[in-house]
Amino acid sequence: GSQQAALAWGQIGNCYYQLAVQNPQYYTNAADAYGQVMASDSAAIAERSQAQVGLGMVFEKRAALDPANQTAFLQSALNNYLDVFFGKNLRDNEVADSYWVQQAGLDALPLMEMLGVGDINKFIDRMEIVLPQMRDSLEKKRLELTREKSP
(Lines give C-alpha, C1' and ligand atoms only; values in the text may rest on other atoms or scores of the structure.)
Protein backbone atom coordinates (compact mmCIF):
# COMPACT_ATOMS: atom_id res chain seq x y z
CA GLY A 1 0.00 0.00 0.00
CA SER A 2 3.01 2.33 0.02
CA GLN A 3 4.09 4.71 -2.70
CA GLN A 4 7.12 2.47 -3.31
CA ALA A 5 4.76 -0.46 -3.90
CA ALA A 6 2.78 1.58 -6.42
CA LEU A 7 6.01 2.51 -8.19
CA ALA A 8 7.02 -1.14 -8.24
CA TRP A 9 3.66 -2.15 -9.73
CA GLY A 10 4.18 0.44 -12.45
CA GLN A 11 7.59 -0.99 -13.29
CA ILE A 12 6.16 -4.51 -13.25
CA GLY A 13 3.49 -3.35 -15.69
CA ASN A 14 6.15 -1.86 -17.95
CA CYS A 15 8.13 -5.13 -17.86
CA TYR A 16 5.08 -7.23 -18.73
CA TYR A 17 4.22 -4.80 -21.52
CA GLN A 18 7.68 -5.33 -23.02
CA LEU A 19 7.53 -9.11 -22.53
CA ALA A 20 4.23 -9.25 -24.38
CA VAL A 21 6.12 -8.83 -27.64
CA GLN A 22 7.23 -12.44 -27.13
CA ASN A 23 3.97 -13.70 -25.62
CA PRO A 24 0.78 -11.60 -25.92
CA GLN A 25 -0.61 -13.23 -22.76
CA TYR A 26 1.59 -10.82 -20.83
CA TYR A 27 -0.67 -7.93 -21.85
CA THR A 28 -3.13 -9.22 -19.27
CA ASN A 29 -0.42 -9.13 -16.60
CA ALA A 30 0.58 -5.62 -17.65
CA ALA A 31 -3.03 -4.44 -17.45
CA ASP A 32 -3.38 -5.97 -13.97
CA ALA A 33 -0.18 -4.28 -12.76
CA TYR A 34 -1.25 -0.91 -14.16
CA GLY A 35 -4.60 -1.40 -12.46
CA GLN A 36 -2.81 -1.87 -9.13
CA VAL A 37 -1.16 1.53 -9.56
CA MET A 38 -4.36 3.25 -10.62
CA ALA A 39 -6.21 1.87 -7.58
CA SER A 40 -3.45 2.66 -5.09
CA ASP A 41 -4.27 5.27 -2.47
CA SER A 42 -0.54 5.98 -2.15
CA ALA A 43 0.28 6.52 -5.82
CA ALA A 44 0.81 10.11 -6.92
CA ILE A 45 -1.00 11.51 -9.93
CA ALA A 46 2.09 11.10 -12.13
CA GLU A 47 2.30 7.38 -11.38
CA ARG A 48 -1.44 6.86 -11.80
CA SER A 49 -1.44 8.80 -15.07
CA GLN A 50 1.53 6.84 -16.38
CA ALA A 51 -0.25 3.59 -15.49
CA GLN A 52 -3.46 4.72 -17.17
CA VAL A 53 -1.60 5.69 -20.34
CA GLY A 54 0.14 2.30 -20.12
CA LEU A 55 -3.25 0.62 -19.86
CA GLY A 56 -4.35 2.49 -22.97
CA MET A 57 -1.26 1.22 -24.77
CA VAL A 58 -2.13 -2.33 -23.70
CA PHE A 59 -5.61 -1.95 -25.18
CA GLU A 60 -4.13 -0.66 -28.44
CA LYS A 61 -1.84 -3.70 -28.68
CA ARG A 62 -4.70 -6.04 -27.87
CA ALA A 63 -6.79 -4.37 -30.61
CA ALA A 64 -4.12 -5.24 -33.15
CA LEU A 65 -4.18 -8.88 -32.03
CA ASP A 66 -7.97 -9.29 -31.96
CA PRO A 67 -9.64 -7.94 -35.12
CA ALA A 68 -13.06 -9.14 -33.98
CA ASN A 69 -12.89 -6.88 -30.91
CA GLN A 70 -10.62 -4.21 -32.35
CA THR A 71 -13.08 -1.33 -32.06
CA ALA A 72 -13.92 -2.11 -28.43
CA PHE A 73 -10.24 -2.31 -27.48
CA LEU A 74 -9.45 0.93 -29.31
CA GLN A 75 -12.37 2.66 -27.59
CA SER A 76 -11.08 1.44 -24.22
CA ALA A 77 -7.63 2.79 -25.06
CA LEU A 78 -9.12 6.13 -26.07
CA ASN A 79 -11.19 6.32 -22.88
CA ASN A 80 -8.07 5.82 -20.75
CA TYR A 81 -6.15 8.48 -22.65
CA LEU A 82 -9.04 10.95 -22.40
CA ASP A 83 -9.43 10.32 -18.67
CA VAL A 84 -5.83 11.40 -18.16
CA PHE A 85 -6.04 14.29 -20.62
CA PHE A 86 -9.21 15.73 -19.08
CA GLY A 87 -8.11 15.06 -15.48
CA LYS A 88 -10.80 12.50 -14.67
CA ASN A 89 -8.19 10.57 -12.69
CA LEU A 90 -7.46 13.50 -10.36
CA ARG A 91 -8.20 13.28 -6.68
CA ASP A 92 -9.01 16.21 -4.41
CA ASN A 93 -6.34 18.92 -4.42
CA GLU A 94 -4.27 17.23 -7.13
CA VAL A 95 -2.84 18.98 -10.16
CA ALA A 96 -2.43 17.04 -13.38
CA ASP A 97 1.05 16.00 -14.45
CA SER A 98 1.71 17.98 -17.64
CA TYR A 99 3.92 15.31 -19.21
CA TRP A 100 1.25 12.64 -18.95
CA VAL A 101 -1.51 15.03 -20.02
CA GLN A 102 0.54 15.74 -23.15
CA GLN A 103 1.25 12.07 -23.80
CA ALA A 104 -2.40 11.13 -23.29
CA GLY A 105 -3.54 13.84 -25.69
CA LEU A 106 -1.06 12.81 -28.34
CA ASP A 107 -2.09 9.16 -27.97
CA ALA A 108 -5.80 10.02 -28.08
CA LEU A 109 -5.67 12.09 -31.25
CA PRO A 110 -5.00 9.30 -33.78
CA LEU A 111 -7.56 7.06 -32.09
CA MET A 112 -10.22 9.78 -32.32
CA GLU A 113 -9.46 10.02 -36.02
CA MET A 114 -9.39 6.25 -36.54
CA LEU A 115 -12.65 5.67 -34.64
CA GLY A 116 -14.31 8.75 -36.08
CA VAL A 117 -15.36 10.00 -32.66
CA GLY A 118 -15.32 13.47 -31.19
CA ASP A 119 -14.54 16.77 -32.83
CA ILE A 120 -10.84 16.61 -33.62
CA ASN A 121 -10.59 20.36 -34.26
CA LYS A 122 -12.09 21.12 -30.86
CA PHE A 123 -9.79 18.56 -29.24
CA ILE A 124 -6.75 20.17 -30.87
CA ASP A 125 -8.03 23.57 -29.69
CA ARG A 126 -8.20 22.17 -26.16
CA MET A 127 -4.71 20.66 -26.48
CA GLU A 128 -3.36 24.06 -27.54
CA ILE A 129 -4.85 25.64 -24.42
CA VAL A 130 -3.55 22.94 -22.08
CA LEU A 131 -0.22 22.55 -23.90
CA PRO A 132 0.63 25.96 -25.40
CA GLN A 133 4.24 24.87 -25.99
CA MET A 134 2.92 22.44 -28.62
CA ARG A 135 0.86 24.95 -30.59
CA ASP A 136 3.04 24.81 -33.73
CA SER A 137 3.17 21.01 -33.92
CA LEU A 138 -0.56 20.75 -33.19
CA GLU A 139 -1.36 23.18 -35.99
CA LYS A 140 0.75 21.04 -38.34
CA LYS A 141 -1.21 18.00 -37.20
CA ARG A 142 -4.49 19.85 -37.82
CA LEU A 143 -3.34 20.66 -41.37
CA GLU A 144 -2.34 17.04 -41.99
CA LEU A 145 -5.74 15.82 -40.84
CA THR A 146 -7.51 18.42 -42.98
CA ARG A 147 -5.52 17.38 -46.05
CA GLU A 148 -6.28 13.70 -45.43
CA LYS A 149 -10.02 14.42 -45.39
CA SER A 150 -9.92 16.52 -48.58
CA PRO A 151 -10.57 14.64 -51.85
Taking the full set of protein chains and a 1.4 angstrom probe, give the accessible area of residue 42 in square angstrom, rounded to the nearest 10. 40
Let's test the formula: R0 of 41 Å, r as the Cβ-Cβ distance of residue 91 and residue 115. What FRET efficiency results, to the nearest 0.05? 0.90
Taking all pairs of distinct alpha-carbon atoms in the stretch 8-151, Kirkwood radius in angstrom: 15.8
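How do 147, 142, 48, 135 stack up against each other in accessible area, from largest to smallest, with a 1.4 angstrom probe?
Details: 147 165, 142 40, 48 10, 135 110 Å².
Of 147, 142, 48, 135, the descending order of accessible area is 147, 135, 142, 48.
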Solvent-accessible area of residue 81, probe 1.4 Å, all protein chains present, reported in Å² to the nearest ten, please. 0
Just to be sure I understand: with springs between alpha-carbon atoms less than 10 Å apart, which residue in 55, 131, 78 has the highest mean-square fluctuation in the Gaussian network model of the chain? 131
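What's the extension gain from residue 5 to residue 21 if we count 0.36 nm per residue and subtract their Cα-Cα distance?
Working: separation 16, 0.36 × 16 = 5.76 nm, distance 2.52 nm.
Once the chain is fully extended between residue 5 and residue 21, it gains 3.2 nm.
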Spin-label pair residue 99/residue 144, simplified geometry with 7 Å Cα→Cβ offset, distance in nm: 2.3
Keeping all protein chains in position, work out how much accessible area residue 97 exposes to a 1.4 Å probe, and write it in Å² to the nearest 10. 50
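The values are calculated or read from the model by the stated rules, or taken from the named source; none is laboratory data. What you are looking at is a predicted structure, and each value in this text was computed from that prediction instead of being measured. For neighbour counting, all protein chains shown are included, and Cβ atoms are generated from backbone atoms with ideal geometry for every residue, glycine included. SASA here: full protein model, heavy atoms, side chains in, ligands and nucleic acids out. Shrake-Rupley method; radii C 1.70, N 1.55, O 1.52, S 1.80 Å.
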